[in-house]
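To start, the structure under review is shown below, and the notes come after it.
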Amino acid sequence: MQPKQPELAHELNNILAVMRLNLALAQRELGPAHAAVESLAEIEGACGRIETLVSGLRAGTPRPLAPLPAPAPGPQAAHILFLDDDESLVFLARRVLQRLGYRVSTFTRMQDALCALRADPQGFDLVVSDVNLLGDSGFDFARELSTLRTDLPLVLVSGYVTDALRARASEAGVAELLHKPSSVEAFAQMIDARVRAPR
């Protein structure tokens, strides 16, 4: 049995996110004068074509790249909790956010993330979670989180954003619903804006 379009779009989104994040990291590490820059540009163009195909599956539109923010200022970096059941995305999110100067705790299981929050509810400044978690939902996570701290902003990430999902996120008190995949620049900008936003 072939996967349905939303399921296929979700899987392709995860693959594309890994490609985009690794590509952006390679571009930053190698610099503009490296011999591989031309090849990386070709890969970036291919990612754009894949994103166009995926957007057709979910009837969405590709998002433009945003500039990468400066590292978080101050002696005490903000602490971000990141939850996704895809281990490769969790690994990349940790690398990207740490390079931007944040402290990061990453989890692949909702219950593990909740244990960390219960142990130190005041120890986090922002929570980022995928909507679709293995055996759980980001909305279940939002409900549990609201019993621990009502002032802790939660950003939910989904590869298939609809008006119904936006309405559900708003009702659940979610601070922001982010479309996935996103470039490392857009992802970092969203995190940076949320951390610095006045409470």
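Any read-out appearing in this document is the output of simple, stated calculations on the displayed coordinates, not a laboratory observation. Quantities reported herein were computed from a predicted structural model and do not represent experimental measurements. Methodologically, a virtual Cβ is constructed for each residue, glycine included, from the backbone with ideal geometry; neighbour enumeration extends over all protein chains shown.
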For 24-36, 159-171, 126-138, ranked highest to lowest by mean beta-carbon neighbours within 10 Å, the order is 126-138, 159-171, 24-36
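Quick one: net charge of Arg118's neighbours, Cβ under 12 Å, K/R +1, D/E -1? Please list the in-between numbers first.
Numbers: positive: Arg149; negative: Asp112, Asp120, Glu144.
That sum, taken over residues with Cβ under 12 Å, equals -2.
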For the stretch 79-196, with only Lys/Arg (+1) and Asp/Glu (-1) charged at the beta-carbon, what is the dipole magnitude about the Cα centre, in debye rounded to 20? 300
What dipole magnitude, in Debye to the nearest 20, does the stretch 5-58 give about its Cα centre under +1 on Lys/Arg Cβ and -1 on Asp/Glu Cβ? 100
Starting from the 7 Å offset along Cα-to-Cβ, what nm value, one decimal, do you get for the label separation of Arg118 and Arg28? 3.5
Compute and list, largest first, the equivalent-ellipsoid semi-axes of the stretch 79-196 from the alpha carbon gyration tensor, each √(5λ) rounded to a whole angstrom. 18, 17, 14
Ranking Ser158, Val174, Leu81 by how far each Cα lies towards the positive end of the charge dipole of the stretch 79-196 (+1 on Lys and Arg Cβ, -1 on Asp and Glu Cβ), the top one is Leu81
Could you estimate the translational diffusion coefficient of the stretch 5-58 from the Stokes-Einstein equation, with Rh from the Kirkwood formula over C-alpha pairs, at 25 °C and 0.890 mPa s, in whole µm²/s? 207
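Which FRET efficiency value, to the nearest 0.05, do you get for Arg149 and Ala41 by plugging their Cβ-Cβ distance into 1/(1 + (r/R0)^6) with R0 = 45 Å?
On the way: r = 43 Å, r/R0 = 0.97.
Plugging the Cβ-Cβ distance into 1/(1 + (r/R0)^6) gives 0.55.
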